[in-house]
Amino acid sequence: MRRFVRTFAVTNETRILDVGGTPFNWSLVAVQPRVTIVNMPRAREAFATQFQSVFADGRALPFRDCSFDIVFSNSVIEHVGSLESQARFASEITRVGQAYWVQTPNRLFPVEPHLLTPFLHFLPATLQRRIARKFTVWALIERPTPDRWEFYIEHYLRDIRLLDASALRDLFPGAKIVRERLGGLTKSLIAVRTLRDRSRQ
């Protein structure tokens, strides 16, 4: 979050749309920008009253073109499903924001970031399903209720589509791809376009 604030010189007047987020990330920064959070209705309990919140689908944002200085999205685009859905999500971000910061886990990192299970995402879908329904590191740590376990495992198997740098660049052709590293490996990727980048195009 500090890197995000530095990159865009965020101030208390900066208009930010956070697609798929919650107030927690904004508690980590010293400035207090004008943040609007978009999320699904099931995330309602995560919102705090000091933020404007809108319950909507990130693939069909209810805002006019260039309504925000920056669109921010952290580990959301991999959750929206198919390539077509991801393309719609990316298109909406670039439409409503003058600049953007879109972070997503790197598909080539050896630990699958949702179920925390090494190499699971490299396996064929049928084998992933067989393993995920029997054991994941996530379930070992979280010890979820049966309902939560069923929802999360099915969401992973049905909707999660991880991206590598090439795929993220295809979705955001005007962006710089920034790599977040852990132990020398690229853990996450960020598609970044600043106002300066926009003015050059």
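The values are calculated or read from the model by the stated rules, or taken from the named source; none is laboratory data. Remember, it's a predicted structure, so these values are computed and weren't measured experimentally. Note that each Cβ is placed from the backbone with ideal geometry, even for glycine, and that neighbours are counted across all protein chains shown. Each accessible area value is taken on the protein alone, full model and side chains, heavy atoms only, with ligands, DNA and RNA left out. Shrake-Rupley method; radii C 1.70, N 1.55, O 1.52, S 1.80 Å.
Some notes on this structure:
- Filtered residues of the range 103-115 (kept if modelled with pLDDT of 95 or more, in contact with an Asp or Glu (Cβ under 9 Å, 6 or more places away or on another chain) and open to solvent by 30 Å² or more (accessible area, probe 1.4 Å)): Arg107, Leu108
- Criterion violated by Glu150 - all others in (1) open to solvent by less than 40 Å² (accessible area, probe 1.4 Å); (2) not in a loop (DSSP other than H, G, I, E, B) satisfied: (1)
- Residue in the range 21-30 that is outside any loop (DSSP other than H, G, I, E, B) and modelled with pLDDT of 95 or more present: no
- A search for C-beta distances below 7 Å between a residue of the range 105-129 that is more than 23 Å from Ala191 (Cα to Cα) and any residue that is surrounded by fewer than 20 Cβ atoms within 10 Å (Cβ to Cβ) and of a type outside the set (A, V, I, L, M, F, W, C), counting only pairs 6+ apart in sequence or on different chains, returns Pro118/Pro110; Phe119/Pro110; Leu120/Gln128.
- Filter result (under 15 Å from the mean Cα position of the chain (by Cα) and within 30 Å of Arg64 (Cβ to Cβ)) within the range 94-112: Thr94, Tyr100, Trp101, Val102, Gln103, Thr104
- Residues within the range 81-102 that are surrounded by fewer than 20 Cβ atoms within 10 Å (Cβ to Cβ) and within 19 Å of Val5 (Cα to Cα), tallied: 1
- Residues in the range 6-45 that are acidic (Asp, Glu), within 20 Å of Ser67 (Cβ to Cβ) and open to solvent by 20 Å² or more (accessible area, probe 1.4 Å): Glu13 alone.
- Checking each residue in the range 171-199 for being under 22 Å from Glu112 (Cβ atoms), among the charged types (D, E, K, R) and surrounded by 14 or more Cβ atoms within 10 Å (Cβ to Cβ) picks out Glu180, Lys187.
- Tally, over the range 1-20, of residues that are assigned to a loop (DSSP other than H, G, I, E, B) and in contact with a Phe, Trp or Tyr (Cβ under 6 Å, 6 or more places away or on another chain): 0
- Checking each residue in the range 52-80 for being of a type in the set (Phe, Trp, Tyr) and buried (at least 20 other Cβ atoms within 10 Å of the Cβ) picks out Phe68, Phe72.
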